[in-house]
Amino acid sequence: MQRAVEHRIGVQAPAEIVWEVISDFEGWAHWNPLYRRAEGVMKVGSTLVLEQHLPGQPPTVIQPIVQDWVPYEQLHWRSSRLGGFVTAIRYLEIENMGPANATFSNGELFMGMLLRFVSRDERRRLKAAFTQMGEAVRDRAEAIWSERSANPI
């Protein structure tokens, strides 16, 4: 059995710019309401250090493992909960919709024996946080695209 929480949003900027935004961990502190600190390298098996800010919760530092990444398309990381009885796969994915349009999806897939203990309340908080992050990615990518379009090199 699995459960998922996801947010998808259209972005009026090229997929490459959306990737630029999400792959710049150092820049997350300037725009990301969910992960206000992000450290690590995008390499399968490496550990990230993220300061997570969920609505209504104190900030927590999490250390997920990079599961997979494909430039300009996706970043996935894995973490464990409830003593390892629940695995969570967090994903940030970009779909190229044309030369100046993309869709950004971010969510989390839960699997494991104690899945029923991932509460509805927690899933609501995650949905709100993923929505905030999706809107922030969109706003940041569109601002970069607008600036570059107005001032071509």
Residues with amide H under 5 Å from that of A13, placed H, sequence gap 5 or more: N101, A102
Residue-span extension gain [K43 to M111] - 0.36 nm each, minus C-alpha spacing: 22.2 nm
Gyration tensor verdict on segment 1-92 (Cα atoms; rounded if a/c is under 1.5, prolate if a/b is larger than b/c, oblate otherwise): rounded
The chain, helix-only ellipticity at 222 nm - DSSP H runs n ≥ 4, -39,500 (n - 2.57), divided by all residues, nearest 500: -9500 deg cm²/dmol
In order through segment 2-13: 3J(HN,Hα) via Karplus (6.51 cos²θ - 1.76 cosθ + 1.60), integer Hz, x for Gly, Pro: 9, 9, 9, 10, 8, 9, 10, 8, x, 10, 8, 6
Nitroxide proxy distance, nm - points 7 Å out along Cα→Cβ at R36 and E135: 1.8
Whole-Hz couplings from phi, Karplus 6.51/-1.76/1.60, listed for segment 92-102; x for Gly and Pro: 10, 10, 10, 10, 6, 10, x, x, 9, 9, 8
Förster-model FRET efficiency, 35 Å R0, M97 and Q2, C-beta, rounded to 0.05: 0.85
Protection proxy ranking, peptides 72-83, 14-25, average beta carbon neighbours within 10 Å, highest first: 14-25, 72-83
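Read-outs throughout are calculated quantities, based only on the coordinates presented, and are distinct from any laboratory measurement. Since we're looking at a predicted model, the values are computed, not measured. Backbone-built Cβ (ideal geometry, glycine too); neighbour counts: all protein chains shown.
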